[in-house]
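Here's the structure, in structure tokens; my notes come after.
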Amino acid sequence: MFRTVQIGPHALAQGTFVRDHDEGRVEIDIGGKTVVGLPVGREKQSAPRPNVFVRAFGSGLWRGGLLALAMALGAIGATPDKAVAEEGLLNVSYDPTRELYRAYNTLFATWWEAQGHAPVTLRQSHGGSGGQARAVIDGLDAQVVTLALSADISAIAERTGKIPADWQSRLPHNSSPYTSTIVFLVRDGNPKGIKDWDDLIRDDIQVITPNPKTSGGARWNFMAARAWALKAFDGDEAKARAYMTSLYRNVPVLDTGARGSTNTFTQRGIGDVLLAWENEAFLALAEQGESAFDIVVPSVSMLAEPPVTLVDGNIHSDAQRALAEAYLTHLYSPEAQALALKNYYRAWDVSAAAPEDIARFPEVERLSIDTFGGWAKVQPEFFGDGGLFDQLYEE
């Protein structure tokens, strides 16, 4: 039984009923911990709660939407700031976003407190996108997920029911607040002369890329290579397949995630070229110096759209929902978009960004996953059990 209780003069909490206490108080479970309070009347529990998420964006402009969101949050009035401060949020994300969300959590926490709320705990978890999705499916209590591709979030929705089927329509740009693409990271001076995808199947080349079964970035890598092959061989499937087989024959190790592959290439010194998220390649240059590596932009790549969403089934109170909705909505603010650019992601809004952050991105032909039928078709056909990747790897 789901109950709402009053735990302070201006604080409510919602959770699953545990047991009755003396003086009419009840104990509820709000997700890993319990609180005791006086039950709120049924008429208050049944009152419809306005959808802050939708209302904020219904106002049209980003700045206007954020203002509407702030007003809506303020209108809640009895938000149990103390309870939500204790609950906080867990953002389950993929490998290369560690630095972005570390910075964003600071930005958001400052904005959140400026709206008159108590400080909150924002936690983040990182790993291969597919592995992270499976962790949430298996019960990891994430309130938001920010993964590498929509197929991983859709898998959570389908297997748990904790996310609605239409989740991708809840935020702009297919719920992707930033985009990226796939590039090559090579040793300084590009000693092997790697220029495009056709160079990756040479006998003298070792390619580093993660495992598509566990890594979202690896799936983008795979599709970018396949896009080039289909274009180079005029749509000849047999030749494209032979190219992909030769490419993976040159891969000496398959790490579980993008960050693991980056470490294999940059720190362990294995391989001649790393297939990398663009932001991961720029980060390697920033951390180890421009004299360590070069970035090679291939002739064809993918429009990588890492989406974000609320995990509705892991929300333990109205206050936590308001916090989670604000956390994702604020990613579209000019300040957060500038932060994404600073962390080497391609953002939609450049109005608050530094000119040098805008100018760093080269032009590249980026194909949408819709070119191949969308992730709903691509995921099982290419990366499911017995799919194309499994077949190629056996070969």
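The values are calculated or read from the model by the stated rules, or taken from the named source; none is laboratory data. Keep in mind the model is a prediction, meaning the values are calculated, not measured. Cβ atoms come from the backbone with ideal geometry, glycine included; neighbour counts cover every protein chain shown. Areas reflect the complete protein model, heavy atoms only, side chains present, ligands, DNA and RNA absent. Shrake-Rupley method; radii C 1.70, N 1.55, O 1.52, S 1.80 Å.
Tabulated results
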read-out	value
Restricting segment 322-344 to residues that are among the charged types (D, E, K, R) and over 16 Å from the mean Cα position of the chain (by Cα), the residue that is most open to solvent (accessible area, probe 1.4 Å)	LYS342
Condition met for ASP390 (buried (at least 16 other Cβ atoms within 10 Å of the Cβ) and over 18 Å from the mean Cα position of the chain (by Cα))	no
ASP370 assigned to a helix (DSSP H, G or I) and at pLDDT 95 or above	yes
In segment 271-283, the residues that are out of contact with any helix residue (DSSP H, G or I) (no Cβ under 8 Å at 6 or more places or on another chain) and assigned to a loop (DSSP other than H, G, I, E, B)	ASP272
Residue in segment 37-55 that is at pLDDT 60 or above, surrounded by fewer than 17 Cβ atoms within 10 Å (Cβ to Cβ) and among the basic types (Lys, Arg) present	no
Of all residues making up segment 86-132, the number that are in contact (Cβ under 8 Å) with a residue 24 or more places away in the chain and assigned to a helix (DSSP H, G or I)	19
Among the residues listed as ALA240, ALA286, the single one being in a helix (DSSP H, G or I) and modelled with pLDDT of 95 or more	ALA240
Test: residue in segment 133-153 that is surrounded by fewer than 20 Cβ atoms within 10 Å (Cβ to Cβ), touching a Gly at 6+ places or on another chain (Cβ under 8 Å) and farther than 20 Å from GLY88 by Cα	no
Options ALA376, ALA347, ALA319; residue that is in contact (Cβ under 8 Å) with a residue 60 or more places away in the chain, of a type in the set (Gly, Ala, Ser) and open to solvent by less than 10 Å² (accessible area, probe 1.4 Å)	ALA319
All positions within segment 86-99 that are surrounded by fewer than 24 Cβ atoms within 10 Å (Cβ to Cβ) and within 16 Å of LEU283 (Cα to Cα)	ARG98, GLU99
Restricting segment 78-104 to residues that are modelled with pLDDT of 65 or more, out of contact with any Ser or Thr (no Cβ under 8 Å at 6 or more places or on another chain) and of a type in the set (A, V, I, L, M), the residue that is farthest from TRP220 (Cα to Cα)	ALA103
Unmet requirement for ARG219, which otherwise passes all of (1) in a helix (DSSP H, G or I); (2) more than 28 Å from ILE153 (Cβ to Cβ); (3) not hydroxyl-bearing (Ser, Thr, Tyr)	(2)
Filter result (surrounded by fewer than 19 Cβ atoms within 10 Å (Cβ to Cβ) and at positive phi) within segment 158-200	GLY161, HIS173, ASN174, GLY189, ASN190, GLY193
Out of THR214, THR181, THR209, sole residue that is at pLDDT below 95 and among the β-branched types (Val, Ile, Thr)	THR214
